[in-house]
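The values are calculated or read from the model by the stated rules, or taken from the named source; none is laboratory data. A quick note: this is a predicted structure, and the numbers were derived from the prediction, not measured. So basically every Cβ, Gly included, is an ideal-geometry build from the backbone, and we count neighbours across all protein chains shown. Only protein heavy atoms, including side chains, enter the accessible area calculation; ligands, DNA and RNA are left aside. Shrake-Rupley method; radii C 1.70, N 1.55, O 1.52, S 1.80 Å.
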Amino acid sequence: MKTLKIFGLLAFVALASSFTYNALSGPPGYAIGDKATDFELKNVDGKMVSLSDYADAKGYLVIFTCNSCPYSVAYEDRIIALDQKYKPKGVPVIAINPNNPAVQPSDSYKKMQERAEAKGFPFPYLLDEGQEIFPQYGATRTPHVFLLEKTGGGNIVRYIGTIDDNSSNAGAVEEKYVENAVDAMLQGAEIEVKTTRAIGCSIKV
């Protein structure tokens, strides 16, 4: 009987460990040079949005962000500025909320609509309904940036990571990782810093 209890306990631990691994680590996502697949997600205006909708784009700043994370809120104005700077150059921001609203009610679709209107987001703010897209990209935090270059061979990942080196104070930023990466990509130059560690809140599953 004691042996059976021990066996059962070990089986439970193994199952729990497997669940934890699958739920928290998930697939590895994209690496630099990978081709990112397109998606079709609902925008706050009710329309479905895909990367392919941007026929004249040279690339995309796919940014996983949300309403509830203080880091995301701190970066909102900088994300707006990125879109205003680079959309005219062919690299628009595509913001995606990856959080499960059942776990984080502040990130519900209705709350997304309210936040987008209050801040005047000039970019699409999409809901990753069913949480199918963020694992493909390998996003782990909000905000988490993926710079894609549109090429004849698909949308190629050129930069992954954080926006800059100061999440708390925009005025004290010294390294603008995303801007440097986009500028280099548009110039056809080598991106010096291709990956950084995303700083923010964990994605709520």
Any pair with Cβ under 8 angstrom, 6 or more apart, that starts in the stretch 92-104 at a residue that is over 21 Å from Asp56 (Cβ atoms) and ends at one that is open to solvent by 10 Å² or more (accessible area, probe 1.4 Å) and of a type in the set (Gly, Ala, Ser): Asn99/Ser68; Pro101/Ser108; Gln104/Ser68
Residue list for the stretch 32-48, filter: assigned to a strand (DSSP E or B) and either open to solvent by less than 60 Å² (accessible area, probe 1.4 Å) or within 26 Å of Ala181 (Cα to Cα) (or both): Lys35, Ala36, Leu41, Asn43
Output for the stretch 144-200, where each listed residue is loosely packed, with under 13 Cβ neighbours inside 10 Å and closer than 19 Å to Thr37 by Cα: Thr151, Gly152, Gly153
Selection from the stretch 89-106 of residues that are open to solvent by less than 20 Å² (accessible area, probe 1.4 Å) and touching a Ser or Thr at 6+ places or on another chain (Cβ under 8 Å): Ala95, Ile96, Asn97, Pro98, Asn99
Filter result for Tyr109 (open to solvent by less than 20 Å² (accessible area, probe 1.4 Å) and aromatic (Phe, Trp, Tyr)): no
Residue that is farthest from Lys58 (Cα to Cα), among those in the stretch 147-190 that are of a type in the set (A, V, I, L, M, F, W, C) and without any contact (Cβ under 8 Å) to a residue 40 or more places away in the chain: Ala172
Residue list for the stretch 21-54, restricted to those being farther than 23 Å from Asp107 by Cα, polar (S, T, N, Q) and at pLDDT 95 or above: Ser52
Within the stretch 78-97, considering residues that are in a helix (DSSP H, G or I) and more than 16 Å from the chain's Cα centre (by Cα), the one farthest from Ser52 (Cα to Cα): Ala81
Some residue of the stretch 68-75 being over 20 Å from Ser167 (Cα atoms), free of Cβ contacts under 8 Å to residues at least 24 places away in the same chain and not in a strand (DSSP E or B): no
